[in-house]
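K.L.:
One structure, as structure tokens, below. Some questions next.
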Amino acid sequence: MLGNLNPRIGSKKDKKRIGRGKTNRGKTSGRGHKGQRSRSGGRVSPWFEGGQSPLKLRSVKRGFNNPNRVTYDVVNIKKLNIFDGSDHITPDELKKAGLVSGKNPVKILGVGELENTLNVKANGFSRQAIKRIEEKGGKAEII
């Protein structure tokens, strides 16, 4: 029963086949003569403006990018609890432990609690980090 069903006559229309002979849309197939858009793949990108300066280049630039900006790899104090007491912690030790990438200078931040006495050497410390390290009897030394 279902295998014998067909669409109603006139409800389905075949796609017009252009470029197949001389009659009705033959030859240039509605693309006109010559030019970029007559060729296959011949389209310009939607943002192309015919050679004039694009809108992105004409628009006002905002803000300031500081070329001397220093980006730090930051480590919170609670992460330093993986080290034993009285360890000398350097950026190399932090890299071995997988806490920093090793590409950027290291800054220690004071988030969390410190459980051990540690001597930490880094490129920067927050005030809170220095306070918490020294409370436990450790030393914070800037390299």
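K.L.:
Name the residue from Asn4, Gln52, Asn81 whose Cα lies farthest towards the positive end of the charge dipole of the stretch 1-81, charges +1 on Cβ of Lys and Arg and -1 on Cβ of Asp and Glu.
P.N.:
Asn4
K.L.:
For the stretch 24-34, just list the computed ³J(HN,Hα) in residue order, Karplus coefficients 6.51, -1.76 and 1.60, θ = phi - 60°, integers in Hz, with x standing in for Gly and Pro.
P.N.:
6, 6, x, 6, 8, 6, x, 9, x, 9, 6
K.L.:
Where the accessible area of the chain is counted over protein heavy atoms with a 1.4 Å probe, how much of it, in %, is carbon and sulfur?
P.N.:
Whole-percent figure for carbon plus sulfur exposure: 49.
K.L.:
Applying the Karplus parametrisation 6.51 cos²θ - 1.76 cosθ + 1.60 with θ = phi - 60° to the phi angles of the stretch 116-125, what ³J(HN,Hα) value in whole Hz is obtained for each residue in order, glycine and proline being reported as x?
P.N.:
Each residue of the stretch 116-125 in turn: 10, 8, 10, 9, 10, 10, 8, 7, x, 9 Hz.
K.L.:
Using the Karplus equation 6.51 cos²θ - 1.76 cosθ + 1.60 (θ = phi - 60°), what ³J(HN,Hα) coupling, rounded to whole Hz, does each residue of the stretch 48-62 give in order, writing x for Gly and Pro?
P.N.:
Karplus values, whole Hz, x for Gly and Pro: 6, 10, x, x, 6, 4, x, 4, 4, 7, 7, 6, 6, 8, 10.
K.L.:
Something else: If the only charges are +1 at each Lys and Arg Cβ and -1 at each Asp and Glu Cβ, what is the size of the charge dipole of the chain around the Cα centre, to the nearest 20 debye?
P.N.:
Magnitude of the dipole: close to 2740 debye.
K.L.:
While we're on this one: According to the Kirkwood expression over distinct Cα-Cα pairs, how big is the hydrodynamic radius of the chain, in Å?
P.N.:
The answer is 22.6 Å.
K.L.:
Still on this structure, please answer the following. Which listed residue (Asn116, Ile143, Asn68) has the Cα farthest towards the positive end of the charge dipole for the chain, taking +1 on Lys and Arg C-beta and -1 on Asp and Glu C-beta about the Cα centre?
P.N.:
Going by the charge dipole, the pick is Asn68.
K.L.:
Continuing with the same structure: Using modelled backbone amide H atoms (1.01 Å from N, in-plane), which distant-in-sequence or interchain residues come within less than 5 Å of Val111's amide H?
P.N.:
Ile77, Lys78
K.L.:
For Arg39 and Tyr72 in one chain, what is 0.36 nm times their gap in residues minus the Cα-Cα distance, to one decimal in nm?
P.N.:
Length difference between fully extended and current span is 6.6 nm.
The values are calculated or read from the model by the stated rules, or taken from the named source; none is laboratory data. Since we're looking at a predicted model, the values are computed, not measured. Cβ coordinates were reconstructed from backbone atoms using ideal geometry, including for glycine residues, and neighbour counts include every protein chain displayed. Ligands, DNA and RNA are stripped out before the accessible areas are found, and what is left, the full protein with its side chains, is counted by its heavy atoms. Shrake-Rupley method; radii C 1.70, N 1.55, O 1.52, S 1.80 Å.
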